[in-house]
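The structure appears right after this line, and notes come after that.
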Amino acid sequence: MSTVTSPVSSFDIRPRVTQSLRAIQTLSDALDRMHSGMKGAMDMNASDLATLRMLTIREHRGQMVSPHDVAAHLRISTASTTKLIDRLVASGHLERRPHPSDGRARVVVLTDKSRREFFEHFGVHLVAMREIADRFDDSQLAVVSRFIDELTEAITTDD
């Protein structure tokens, strides 16, 4: 007879694991509240703001973003994606540009206005987060980064 260990009871084995996961949950809640405040201040809905965040991340990675990438990331239809991108282009937050190597394809990019507004609303939080990060040495930050990157990969799905 085999026994199955409950995920909940396994948390009791390593209290630091439970503490770390609860800290991540609390951080996630704080980020949700911060983003909610930003979308109100920027007069955007959740999908608009999620698109700007996605483009900011991909831009820092040097990755181009197609409308299909936006649809897949948000898990919305191509028709909804077209409306979303049209809305962000009309508000001056995005531009559609030809793909640099595929003349038939298009990419979407952040505008300077978008970057500026995003920083105006996120900058105070970014400064506070940077001040906290500065309290840790590089080796500690490397461990934290690896932990967060691996958690992100573990919960990211492509379906």
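Some points to look at:
- Residues within the range 124-144 that are exposed (fewer than 11 other Cβ atoms within 10 Å of the Cβ) and either in contact with a Pro (Cβ under 6 Å, 6 or more places away or on another chain) or not aliphatic (A, V, I, L, M) (or both), tallied: 7
- Considering only residues in the range 75-102 that are hydrophobic (A, V, I, L, M, F, W, C), surrounded by 11 or more Cβ atoms within 10 Å (Cβ to Cβ) and closer than 19 Å to SER114 by Cα, the one that is farthest from the chain's Cα centre (by Cα) turns out to be VAL89.
- Residue that is farther than 26 Å from THR157 by Cα and either aliphatic (A, V, I, L, M) or in contact with a His (Cβ under 8 Å, 6 or more places away or on another chain) (or both), where the choices are VAL89, VAL108: VAL89
- Some residue of the range 58-68 being within 22 Å of ARG116 (Cα to Cα) and of a type in the set (Asp, Glu): yes
- Residue in the range 20-39 that is assigned to a helix (DSSP H, G or I), among the acidic types (Asp, Glu) and closer than 23 Å to ILE148 by Cα present: yes
Listed here are the residues, each with its yes/no results for (1) within 17 Å of the chain's Cα centre (by Cα); (2) not charged (D, E, K, R).
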site	(1), (2)
ARG104	no, no
VAL108	yes, yes
HIS121	yes, yes
SER139	no, yes
SER145	yes, yes
ASP149	yes, no
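- Condition broken by SER77, with the remaining ones in (1) small (Gly, Ala, Ser); (2) in contact (Cβ under 8 Å) with a residue 24 or more places away in the chain; (3) within 19 Å of ASN45 (Cα to Cα) satisfied: (2)
- Boolean, MET34 is at pLDDT below 90, surrounded by 11 or more Cβ atoms within 10 Å (Cβ to Cβ) and of a type outside the set (D, E, K, R): yes
The values are calculated or read from the model by the stated rules, or taken from the named source; none is laboratory data. Since the model is a prediction, treat every value here as computed from it, not as a measurement. Every residue, glycine as well, gets a Cβ built from its backbone with ideal geometry; the counts of neighbours run over all protein chains shown.
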